[in-house]
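Asks: Right, I'll just put the structure down here and ask away after.
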């Protein structure tokens, strides 16, 4: 037998949370059933869900753009080997 459960929440919270839930391929109803089942099975509240990030942070994107620009502008020095790099680095320190 099924029963209904009504929940009152802010429209923005609903929209944003439903978008995340749907990104996981779940409907809000499926998500709530999973959460409630987890509560029953573990006797605890599951509050640590993470979504894997497949994108860079804003800082990461900025660093990649800057690196590409450095390469395109010829501001990157290439070395034939690690030894050549180490020699150049030692020379700069002196």
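What follows is calculated from the coordinates using simple rules that are stated; it is not laboratory data. Quick caveat: nothing in here was measured; it's all calculated off a predicted structure.
Asks: The list (i) 92; (ii) 246; (iii) 107 gives values of volume of the Cα convex hull per residue in Å³, and only one came from this structure; which label was calculated from it?
Replies: Among (i) 92; (ii) 246; (iii) 107, the one derived from this structure is (ii).
Asks: Using 0.36 nm per residue of separation minus the Cα-Cα distance, give me the extension gain between residue 75 and residue 34 in nm, one decimal.
Replies: 9.5 nm
Asks: What is the helix-to-structure angle for 82-93, meaning the angle in degrees between its Cα long axis and the longest Cα principal axis of the chain, kept from 0 to 90 and rounded to the nearest 10?
Replies: Approximately 70 degrees, to the nearest ten.
Asks: With axes computed from alpha carbons, what is the tilt in degrees of helix 28-42 against the longest principal axis of the chain, rounded to the nearest 10 within 0 to 90?
Replies: 90
Asks: Can you give me the angle between helix 58-72 and the longest principal axis of the chain, using Cα atoms only, in degrees from 0 to 90, rounded to the nearest 10?
Replies: 30
Asks: Cα centroid distance between region 1-48 and region 75-94, in Å?
Replies: Result: 55 Å between the Cα centres.
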